[in-house]
Amino acid sequence: EQGMWHQVIDRPESYAEFSATAMIAASYKKAIRAGWLPAAAYKPAVDRAWKAILMRTGTDGTVMDVCESTGKQTSLQAYLDRVAVWGKDPRGGAMAMLGLADA
């Protein structure tokens, strides 16, 4: 609804996560452009995602709710316990730029 995907995609109790949203929206956008996904069905999700990303990006480069970088976890709870970064995060910022690169 608000344009964000969750830190654990299929778990609504996890938080709405910045980098997952940016990566998924960028993938949808590229797939629409390539003709793999119908624009009528997927472009509204892309538009909502980018609006949400912009709302969570500060003019100074800070981002809100980027999941801390981690490797493979041993349990669902370990994924749910990962910290949400508020501040400058090169990885999160790069994911936002990925979607804007061919805007």
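The values are calculated or read from the model by the stated rules, or taken from the named source; none is laboratory data. From a predicted model like this one, the values you see are computed outputs, not experimental measurements. In this analysis, Cβ positions are derived from the backbone assuming ideal geometry, glycine residues included, and neighbour counts consider all displayed protein chains. Note: areas computed on protein heavy atoms with side chains; ligands, DNA, RNA excluded. Shrake-Rupley method; radii C 1.70, N 1.55, O 1.52, S 1.80 Å.
Just one of (1) within 15 Å of the chain's Cα centre (by Cα); (2) at positive phi; (3) modelled with pLDDT of 90 or more fails for residue 25. It is (2). Scanning segment 33-57 for residues that are farther than 20 Å from residue 9 by Cβ and crowded, with 16+ Cβ neighbours inside 10 Å turns up just one, 57.
Residues to consider are 81, 89, 65, 60; find the one that is exposed (fewer than 14 other Cβ atoms within 10 Å of the Cβ), touching a strand residue (DSSP E or B) at 6+ places or on another chain (Cβ under 9 Å) and acidic (Asp, Glu). Sole residue among the options that is exposed (fewer than 14 other Cβ atoms within 10 Å of the Cβ), touching a strand residue (DSSP E or B) at 6+ places or on another chain (Cβ under 9 Å) and acidic (Asp, Glu): 60.
Taking the condition over 21 Å from residue 2 (Cα atoms), in contact with a Leu (Cβ under 9 Å, 6 or more places away or on another chain) and not hydroxyl-bearing (Ser, Thr, Tyr), does residue 26 pass? In short, no.
Out of contact with any Asp or Glu (no Cβ under 8 Å at 6 or more places or on another chain), at pLDDT below 90 and either closer than 14 Å to residue 97 by Cα or not in a strand (DSSP E or B) (or both): does that describe residue 59? Yes; evaluated as a whole, the condition is true for this residue.
Looking only at residues of segment 1-16 that are small (Gly, Ala, Ser) and in a loop (DSSP other than H, G, I, E, B), we find that the one that is nearest to residue 79 (Cα to Cα) is 14. Being closer than 17 Å to residue 97 by Cα and not in a strand (DSSP E or B) is a property that residue 46 has. In the set 19, 27, only one residue is small (Gly, Ala, Ser), part of a helix (DSSP H, G or I) and open to solvent by 30 Å² or more (accessible area, probe 1.4 Å); that residue is 27.
Answer yes if at least one residue in segment 84-91 is of a type in the set (D, E, K, R) and in a helix (DSSP H, G or I), and no otherwise. Checked segment 84-91: at least one residue is of a type in the set (D, E, K, R) and in a helix (DSSP H, G or I). Please state which of the following conditions residue 51 fails to meet, knowing it meets all the rest: (1) of a type in the set (D, E, K, R); (2) more than 19 Å from residue 4 (Cα to Cα); (3) at pLDDT 90 or above. Every listed condition holds for residue 51 apart from (2). Among the residues of this structure, residue 70 does not count as one that is in a loop (DSSP other than H, G, I, E, B) and farther than 19 Å from residue 24 by Cα. One residue stands out in segment 92-103 among those that are in contact with a Phe, Trp or Tyr (Cβ under 9 Å, 6 or more places away or on another chain) and open to solvent by 50 Å² or more (accessible area, probe 1.4 Å): the one that is modelled with the lowest pLDDT, namely 103.
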